[in-house]
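I have placed the structure first, in the form of structure tokens, so that the comments after it can refer back to it.
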């Protein structure tokens, strides 16, 4: 089978849901492609639709917006909001700003990695948790702080990690 036929076969194998998502992203691109400075808006909306921004989606956006794939990828990798991998059901953000770091933030990172069996930037095999680092959660007086989804946990220490995770 020629590479072109392989490409067609891959398109045919897409689920109806995948096709709907891609069509929705194409509509977003069509809406913004002629408006200067809208790449971040398109990326944001595409991530809402698709859930993350794998290389294939970045390529679709680059082609549709008339910019290079390297430019799109540079924006995606610069902003921590964007993700190139599927996001977990529960995102754990550990603050490593000055106050949190000094009060043991790194030990919390180490304990989370140990308990979950993953490293910062990764997602557990079951898709339940991911670990991210942030520089400030705005609760310096309550340091160290972690945030799971939208819930903030204050004065966390490594011994509290398993109890906190058991809620999820």
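Once you have a ≥ b ≥ c as the square roots of the Cα gyration tensor eigenvalues for region 74-168, tell me rounded if a/c is under 1.5, and otherwise prolate or oblate according to whether a/b is larger than b/c. Because a/c hits 1.5 or more and a/b fails to exceed b/c, region 74-168 counts as oblate. Each 5 Å bin from 0 upward holds the following percent of the Cα-Cα pairs of the chain: 1, 8, 15, 16, 14, 12, 12, 9, 7, 4, 1, 0, 0. The Rg/Rh ratio of region 3-78, with both radii computed over alpha carbons and Rh defined as the Kirkwood radius, is 0.98.
Calculate how steeply helix 16-32 sits against the longest principal axis of the alpha-carbon atoms of the chain, using the helix alpha-carbon long axis, and give the answer as 0 to 90 degrees to the nearest 10. The helix 16-32 is inclined about 80 degrees to the chain. The helix-based estimate of mean residue ellipticity at 222 nm for the chain, built from -39,500 (n - 2.57) per DSSP H run of four or more residues and divided by its residue count, is -14500 deg cm²/dmol to the nearest 500. Quote the relative contact order of the chain in percent (integer), defining contacts as alpha-carbon pairs under 8 Å separated by 6+ residues. Once normalised by length, the contact order is 17 percent. Region 122-168 and region 55-92 have Cα centres separated by 25 Å. Between helix 55-65 and the chain there is an angle of about 60 degrees, using the helix long axis and the longest principal axis of the Cα atoms.
For the chain, the longest principal axis of the alpha carbon atoms and the long axis of helix 69-78 meet at an angle near 20°.
Read-outs throughout are calculated quantities, based only on the coordinates presented, and are distinct from any laboratory measurement. All figures in this text were calculated on a predicted structure; none of them were measured in a lab.
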